[in-house]
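The values are calculated or read from the model by the stated rules, or taken from the named source; none is laboratory data. This one's a predicted model, so the numbers in the text were calculated from it and none came from an experiment. All Cβ positions, glycine included, derive from the backbone under ideal geometry; neighbour counts span all protein chains shown. Calculation scope for accessible area: heavy atoms of the full protein, side chains included, ligands and nucleic acids excluded. Shrake-Rupley method; radii C 1.70, N 1.55, O 1.52, S 1.80 Å.
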Amino acid sequence: MRTTTINQFKVSQGYKFCPEIIFDAWVDPEMIPKWLFVGPTSEIINIEIDPVAGGMFSILELERNNGEHIEHFGKYKKVAHPRNLEFTLSVSKHFKGETFISIEIIPQPGGCHLQLTQTGVPPGTTEKNWRDMLAHLNSVLKEMAKKTL
């Protein structure tokens, strides 16, 4: 099987948190609504998740401005805690068909580095959204850390 790299792009983010915390943020139903697929005028209202290879997920977003529901769904291809996560993603509101996401979390002194690779959509379609979400995750984790000190 040949893998295509058409419309492939990468975004990355450094974190001062261990890889386990960053990985868990992608698969923990209590953590996901705080950062993944949410914007300033939206919220996550339902999550169904089975974070194992072959498992499915569905994350339902509500756009509060217009009451529109946006479903984000896919299938996990690889779940290798705490370093790699691969899944398909479909979001008909934002792009046609299915895309592929690969997450690599690399330990570094004092934290880790996350690299997200998306294949199957033009970079202009989702790249800024991923950058914003990864930065928002960093902010959310910093706020949570302050509360536990």
TODO: Please specify each residue of the stretch 69-94 satisfying the condition of being at pLDDT below 95 and within 16 Å of the chain's Cα centre (by Cα).
DONE: 94
Task: Residues located in the stretch 37-55, provided they are among the hydrophobic types (A, V, I, L, M, F, W, C) and more than 14 Å from the chain's Cα centre (by Cα) - done: 45, 52, 53
TODO: Can you give me the number of residues within the stretch 39-68 that are without any contact (Cβ under 8 Å) to a residue 12 or more places away in the chain and farther than 25 Å from residue 135 by Cβ?
DONE: 3
Task: strands (runs of 3 or more DSSP E) wholly inside the stretch 1-114 containing at least 2 residues that are of a type in the set (Val, Ile, Thr) and either open to solvent by 20 Å² or more (accessible area, probe 1.4 Å) or touching a Lys or Arg at 6+ places or on another chain (Cβ under 9 Å) (or both) - done: 42-49, 68-80, 99-108
- [ ] Give the stretch 115-139 a look and list any residue that's open to solvent by less than 40 Å² (accessible area, probe 1.4 Å) and either in a strand (DSSP E or B) or of a type in the set (A, V, I, L, M) (or both), or say none.
- [x] 116, 117, 118, 119, 121, 133, 134, 137
